[in-house]
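The values are calculated or read from the model by the stated rules, or taken from the named source; none is laboratory data. These figures come from a predicted structure and were not determined experimentally. With ideal geometry, Cβ positions are generated from the backbone for all residues, glycine too; neighbour counts draw on all protein chains shown.
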Amino acid sequence: MGKRAQKVGRKSSRRIHQLVLIAILVAVFALAATAAVSLRAEGKQEPKPAAKTTDAHGNPGYRANALMPINAQSGQVRPLTQEEAQRLANGLKQLVDQSTDGLQQVRHADGSVSMDLQGRFQSIAVAKRDDDGTLVQSCVDNREAAAAFFEIDPQLVGVNKNASPATTANNAAVKGEDR
Amino acid sequence: MRNIILARLSLTLLTALFVCSLSSSAFGAATIVIQNADAAGIGFNDTTPVAPVGGNPGTTLGQQRLNAFQFAANIWGATLNTTTPITVRATWEPLTCDATSAVLGSAGAASIWRDFSGATFNGTWYSAALANALTGVDLQTGTQEINARFNINLGKTGCGESFPFYLGFDTNHGSGTDLVTVLIHELSHGLGFQTFTSASSGTWNSGFPSIYDRFLFDNTTGKTWAQASMTDAERQASATGVNKLAWNGSRVTSDLQSILATPQLKVNSPAGIAGNYSVGTAGFGAPLSSPGVTANVAQASPADGCSALTNGAAMSGKIALIDRGACTFVVKVKNAQNAGAVGVVIVNNTSGVVQMGGSDSTITISALSISDTDGLTIKSQLGAPVNATLLVNTAAPSGVDTSGRALLFSPSSFQSGSSVSHWDTTAFPNQLMEPNINGDLTHSVVPVWDLTWSLFQDIGWRGNKLGDSQFFVRQHYLDFLNRFPDASGLAFWNNQIVECGIDQPCIELRQINVSAAFFLSIEFQETGYLVYRFYKSAYGNIPGAPVPVRFGEFLPDTQQIGQGVVVGVGNWQAQLEANKQAFALAFVTRSRFTNAFPTSSNPAAFVDALFARSGVTPSASERNAAIAEFGSATNTADTAARARALRLVAENSQLKSLEFNKAFVLMQYFGYLRRNPNDPPEPGLDFAGFNFWLGKLNQFNGNFVNAEMVKAFIVSGEFRQRFGQ
């Protein structure tokens, strides 16, 4: 045993004060540790991670139909009108731009070269309610993918007719349905 | 007086010496600044009063938005290592949307750089944040590295009305959109999880590849996107070639082994249909596990499971087979659970499997889906017992190519989320950087949960996994309790840190307290600390050392006593008692012990020697109790009695108190540094450091916070270097 520890061991009255403090600390943490390092002690309700009201591991699928605009006749989420699709496309075109047209490379004194992307090459988080009310969230970085997500004509967002065809098959990348 | 001053000066210098020898970095490794670029009263400056939500303490809408941004930024700030602050220029703007669809926001690098000092490859574009980190200076002061724009109207009438942003930190977003998760995802793109080459045309940006392209590997042509021999057409083709495009970075390829797995339905019998079946997973209920849930399969009645099952007796303890359709998945699974089923297999009504969404926090069993044809196969055998297992196969990573490389999302034609800057959607469990921002994502960005940090390391980022609070907690389970964390325990301790939100002093204090809690836990006190006391009782301190046990002895013994013990789970007390008895018996039969304590000595001498070595003066009753273990014997040949007597001494309450601080300090070295106090790289290769910290702990009456002992160890370079740079 170390010299100091022997000394401390002899000074029992001082030690009692130390032990009281230690005991408080130990009690606080041991209680927490006992109960929570390994939770599920019977009858104990421990703080848990926020209850997930959505998915546990696979899906963006959850429903909240109350505010959804629906077609009065069919009761379904209606497809976008041409005007709405065009408006959506106009907004997307500005956001999803991987063109390098007009971007300037600047050479610096140390030999490095930079390029201000002018807001291009951004990744865009998008979301929508599907026909069955499922909320789908995704991230797109090109016009074809953006058009496919919103199920609008790729040409509306400036995709050349001859470019790789964008599927309009709904959400092949989507992970989740709830029925 | 002079002596007092000198003594204080000496103590100060000593403190500095030992703190310096342990510390080389603080908790946070990078500063990410959210630059509020909104006009007065708008976006971040919106003064609309709101109630604090999910750990976000802001009381105005603008403040909550800013807090959420900073919280997301801090997750990366705690993990990345760069001396150059990263500025995110952020605004809230009206972005395109309608009632049921919306752009949530966007983010990305503000500028790109090549051929700078420190670049790992010349002629290669890097995002500004990574370029600054690699070169060590701000290449362009006064400008942001990342741009971020988010939709100010989301949740308002006519703009994604039913999925407003959730601004809490706790992922409890309900039917809303978890802003923090979206931000972490999009900021990750801005930090470097993106190519600047056009996936649509395959054309490099201005004639140069991106650092990301150096790891984009077409497993058909055998070329990376950065190779000049790869044509634009080949790049374009690989961007739309199913399972063609993989990440060949070594860190990702290595780390995915501990992250990705394959969910499976394994039919065990009858032999005719035995084997593994492809499945879809459920976004609710208990996560799949390994070795999983095994039971016989029973067809639910009604077959669609949409109402209370009428064959409850047949369902109890079984895996319920239920047809898809007519109601939601959660209704079916809940009905099966109510009938006593231990798992559910949903049979699809079309080919292929379905990923099952929905939520019900009361569902506690696991569920999978299988294809209609596989369902028919199983149903055809239900005349006799069909035994199956719902599991996750950790030996078979999902979302990888045949060479074990992580796949990027490259469907045959551009789809929603198509981007070579995302992982493939077949990855399981869901990854942060898949194209779909899935509702089950946590805020962890490092292994063993997520591959984002691994990819960042491949492209050149340096940092430390310890910055991720969930990883920090998990490592304590491994280092102190020698086991993997139970899910609820991990969540509890992680939440102790996460609930500090963006309050950095709170985070630092909680990290210290959480860390110390593992030493103070009953589970450790009854395993690791008991091993310490066995050695102390049997042998006293190691000659010339202030401690009784070395790390090489301590670790296997602690693992032995702790085997199968999870305090609070099952009959852990019985398991612990059995382990203690077995350990004590094995301990006294070791040659070191039998040499130290010949069986010819009488019981009283044996017991007195143990107490003497422990440093405890026993009461008469304590001494007599230990001696009585030998009954009327006049020698100590009875091995079981030797074990019991030794254990009585080791579990003596005086000994526990006497050695508590010393054991606490020793476990700092064993737990965090995985070495003895006098092992390299300890300066002097002696116990000066150990004695210093013991002195401080004693000086502060065992208050480890005021003594700054735990803090010194968890911020020490030696500890942190175990997990990064």
Q: Please find, among B:453, B:461, the residue that is in a loop (DSSP other than H, G, I, E, B) and among the hydrophobic types (A, V, I, L, M, F, W, C).
A: B:461
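State yes or no: is residue B:582 within 20 Å of residue B:535 (Cβ to Cβ) and surrounded by fewer than 15 Cβ atoms within 10 Å (Cβ to Cβ)?
yes
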Q. With B:440, B:468 as the choices, which residue is out of contact with any strand residue (DSSP E or B) (no Cβ under 9 Å at 6 or more places or on another chain), at the interface with chain A (Cβ under 8 Å from one of its Cβ atoms) and buried (at least 23 other Cβ atoms within 10 Å of the Cβ)?
A. B:440
Q: Output the residues belonging to segment B:541-564 that are part of a loop (DSSP other than H, G, I, E, B), surrounded by 17 or more Cβ atoms within 10 Å (Cβ to Cβ) and touching a Lys or Arg at 6+ places or on another chain (Cβ under 8 Å).
A: B:546, B:547, B:548, B:549
(Q) Please go through segment B:240-262 and give me each residue that is touching a strand residue (DSSP E or B) at 6+ places or on another chain (Cβ under 9 Å), under 27 Å from residue B:484 (Cβ atoms), surrounded by fewer than 22 Cβ atoms within 10 Å (Cβ to Cβ) and modelled with pLDDT under 95, ordered by number. (A) B:262
Q) Failed condition for residue B:648, given (1) away from every other protein chain (no Cβ under 14 Å); (2) closer than 20 Å to residue B:536 by Cα; (3) surrounded by fewer than 20 Cβ atoms within 10 Å (Cβ to Cβ); (4) not small (Gly, Ala, Ser), with all others met? A) (3)
Q: Please work out if residue B:506 is part of a helix (DSSP H, G or I) and surrounded by fewer than 21 Cβ atoms within 10 Å (Cβ to Cβ).
A: yes
Q: Could you name every one of the helices (runs of 4 or more DSSP H) located completely within segment B:145-260 that has at least 2 residues being at the interface with chain A (Cβ under 8 Å from one of its Cβ atoms), in contact (Cβ under 8 Å) with a residue 24 or more places away in the chain and touching a Leu at 6+ places or on another chain (Cβ under 7 Å)?
A: B:179-191
(Q) What's the number of the only condition in (1) farther than 30 Å from residue B:202 by Cα; (2) in contact (Cβ under 8 Å) with a residue 60 or more places away in the chain; (3) of a type in the set (A, V, I, L, M) that residue B:274 fails to meet? (A) (2)
Q.
Which condition from (1) under 35 Å from the mean Cα position of the chain (by Cα); (2) loosely packed, with under 15 Cβ neighbours inside 10 Å is the one that residue B:661 breaks?
A. (2)
Q) On the given criteria, is residue B:345 of a type in the set (Val, Ile, Thr) and either within 13 Å of chain A (Cβ to nearest Cβ) or over 12 Å from residue B:365 (Cβ atoms) (or both)? A) no
**Q.** Those residues of segment B:648-683 which are under 20 Å from residue B:622 (Cβ atoms) and of a type in the set (A, V, I, L, M, F, W, C), in sequence order
**A.** B:648, B:649, B:650, B:655, B:658, B:660
(Q) Looking only at segment B:361-393, count every residue that is under 25 Å from residue B:331 (Cβ atoms) and surrounded by 17 or more Cβ atoms within 10 Å (Cβ to Cβ) and tell me the total. (A) 17
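Residue check: is residue B:102 in a strand (DSSP E or B) and either closer than 28 Å to residue B:717 by Cα or modelled with pLDDT under 95 (or both)?
For residue B:102, the condition - in a strand (DSSP E or B) and either closer than 28 Å to residue B:717 by Cα or modelled with pLDDT under 95 (or both) - is met.
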**Q.** Scan of segment A:100-111 for residues that are at the interface with chain B (Cβ under 8 Å from one of its Cβ atoms) and in a loop (DSSP other than H, G, I, E, B), ordered by number
**A.** A:100, A:103, A:108, A:110, A:111
(Q) Give all pairs with beta carbons closer than 8 Å in which a residue from segment B:615-630 that is farther than 19 Å from residue B:539 by Cα and of a type in the set (Phe, Trp, Tyr) meets a residue that is at pLDDT 95 or above and surrounded by fewer than 21 Cβ atoms within 10 Å (Cβ to Cβ); count only pairs at least 6 apart in sequence or on separate chains. (A) B:630/B:638; B:630/B:641
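Let's see how each residue does on (1) within 7 Å of another protein chain (Cβ to nearest Cβ); (2) under 22 Å from residue B:324 (Cα atoms); (3) modelled with pLDDT of 75 or more; (4) surrounded by 22 or more Cβ atoms within 10 Å (Cβ to Cβ):
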{"position": "A:123", "(1), (2), (3), (4)": "yes, no, yes, yes"}
{"position": "A:129", "(1), (2), (3), (4)": "yes, yes, yes, yes"}
{"position": "A:139", "(1), (2), (3), (4)": "yes, no, yes, yes"}
{"position": "A:151", "(1), (2), (3), (4)": "no, no, yes, no"}
{"position": "A:173", "(1), (2), (3), (4)": "yes, yes, no, yes"}
{"position": "A:178", "(1), (2), (3), (4)": "yes, yes, no, yes"}
Q: Could you tell me whether residue B:411 is within 26 Å of residue B:180 (Cβ to Cβ) and not aliphatic (A, V, I, L, M)?
A: no
Q: Could you please give the count of residues in segment B:566-579 that are surrounded by fewer than 17 Cβ atoms within 10 Å (Cβ to Cβ) and not in a helix (DSSP H, G or I)?
A: 2
Q | Filtered residue count, segment B:666-715, keeping only those that are closer than 18 Å to residue B:510 by Cβ, within 11 Å of chain A (Cβ to nearest Cβ) and surrounded by fewer than 22 Cβ atoms within 10 Å (Cβ to Cβ) | A | 3
Q. Could you count how many residues in segment B:357-366 are touching a helix residue (DSSP H, G or I) at 6+ places or on another chain (Cβ under 6 Å) and at pLDDT 85 or above?
A. 2
Q) For segment B:337-365, what are the residues that are under 32 Å from the mean Cα position of the chain (by Cα) and of a type in the set (A, V, I, L, M, F, W, C)? A) B:341, B:342, B:344, B:345, B:346, B:353, B:354, B:356, B:363, B:365
(Q) Every residue in segment B:590-640 that is of a type in the set (Lys, Arg) and buried (at least 16 other Cβ atoms within 10 Å of the Cβ), please. (A) B:613, B:623
Q.
in a helix (DSSP H, G or I) and at pLDDT 95 or above: which single residue out of B:322, B:378 fits that description?
A. B:378
Q) Is at least one residue of segment B:394-408 buried (at least 23 other Cβ atoms within 10 Å of the Cβ) and within 11 Å of chain A (Cβ to nearest Cβ)? A) no
